[in-house]
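Working notes, beginning with the structure itself.
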Amino acid sequence: MEETGVILIVDDEKPMRHLLSLYLRHAGYTVEEAASGPEALAAVQDKTYTLILLDIMMPEMSGWEVCERVRKISDIPVIMLTARDEISDKVKGLNIGADDYITKPFEKEEMLARVRALLRRKGMYEGKAERKDKSMLTYKGIVIDSETYEAFYGQNVLSLTRKEYELLNVLLKHPGQVFSRDHLLAFVWVNQNIEDYRTVDTHIKNLREKLRVAGAPAHEIIKTVWGVGYKIQ
């Protein structure tokens, strides 16, 4: 049975990219290629992928750095490719967010088995969460659940107050839209007659700090529009 999904191969060596592409396309996957870290990051920001195969040793930007940056914006599965079978390399990769490793040289069957196993695990996780899809909002690695008032960044829980949650909810529902402090007071502090803008500023500051502690680039996500208010970038 043919597989489905779009896989991004990131490797500076053209023969390796073409070999992986051949194996994956033959198995039924759609494949795209990136020859460098910056090219891969641009692709991930522009399109949704099922999985990334990511080489570690690249001259312009290492696979480790690429993985770290991808993890700031996405929870897409990442399998790292390495020519060294060093435990320290694997531990480092797993600590920064990689899901699995393949050591070069590898057999076609092993590579495909690891890809399928990782996607199967991801599918099982998503199946458990399917019932919550309508109540959950996801943006740049942040997940909020309107049923439980829970919030997460990646695998980290954001311990938000009710008002911090409501602020984040309003901003996430309208990415790119600038909200004045007046609007945020009206949306979040309904019928409370609070007119002090510092209330909004203080809650935004606390929200950013909790995002930062969870590993999110908080000031890049919640932007201050000077003289106006705030927006989700």
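Under 9 Å between Cβ atoms, at least 6 apart or on separate chains: pull out the pairs that start in region 162-173 with a residue that is in a helix (DSSP H, G or I) and end on any residue that is of a type in the set (Asp, Glu). These pairs meet every condition: TYR165/GLU150.
If only one of ALA43, ALA113, ALA98 is over 18 Å from GLY154 (Cβ atoms) and in contact (Cβ under 8 Å) with a residue 24 or more places away in the chain, which one is it? Before you say what the answer is, go through the steps one by one.
Details: ALA113 fails: in contact (Cβ under 8 Å) with a residue 24 or more places away in the chain; ALA98 fails: over 18 Å from GLY154 (Cβ atoms).
Answer to the selection: ALA43.
What do you reckon, is LEU184 touching a strand residue (DSSP E or B) at 6+ places or on another chain (Cβ under 8 Å) and farther than 21 Å from THR138 by Cβ?
Working: touching a strand residue (DSSP E or B) at 6+ places or on another chain (Cβ under 8 Å): yes; farther than 21 Å from THR138 by Cβ: yes.
Judged against the criteria, LEU184 is a match.
Checked against (1) at pLDDT below 85; (2) aliphatic (A, V, I, L, M); (3) open to solvent by less than 20 Å² (accessible area, probe 1.4 Å), LEU53 meets all criteria but (1). Residues that are more than 24 Å from GLU60 (Cβ to Cβ), assigned to a helix (DSSP H, G or I) and open to solvent by less than 80 Å² (accessible area, probe 1.4 Å) within region 1-23 comprise just one, TYR23.
Is region 26-35 home to any residue that is of a type in the set (D, E, K, R) and at pLDDT 85 or above? Yes: one or more hits. For THR161, state whether it is in contact with a Lys or Arg (Cβ under 9 Å, 6 or more places away or on another chain), over 30 Å from ALA98 (Cβ atoms) and hydroxyl-bearing (Ser, Thr, Tyr). So THR161 does not fit the description; no.
Return yes or no: is LEU51 touching a strand residue (DSSP E or B) at 6+ places or on another chain (Cβ under 6 Å) and more than 23 Å from PHE152 (Cβ to Cβ)? Answer is no for this residue. Residue count for region 82-107, restricted to those that are open to solvent by 70 Å² or more (accessible area, probe 1.4 Å) and not hydrophobic (A, V, I, L, M, F, W, C): 8.
The values are calculated or read from the model by the stated rules, or taken from the named source; none is laboratory data. Every value quoted in this text rests on a predicted model; they were computed, and no experiment measured them. Neighbour counts are summed over all protein chains in view; Cβ atoms, including those assigned to glycine, are modelled from backbone coordinates with ideal geometry. These area figures cover heavy atoms from the full protein model, side chains too; ligands, DNA and RNA do not enter into them. Shrake-Rupley method; radii C 1.70, N 1.55, O 1.52, S 1.80 Å.
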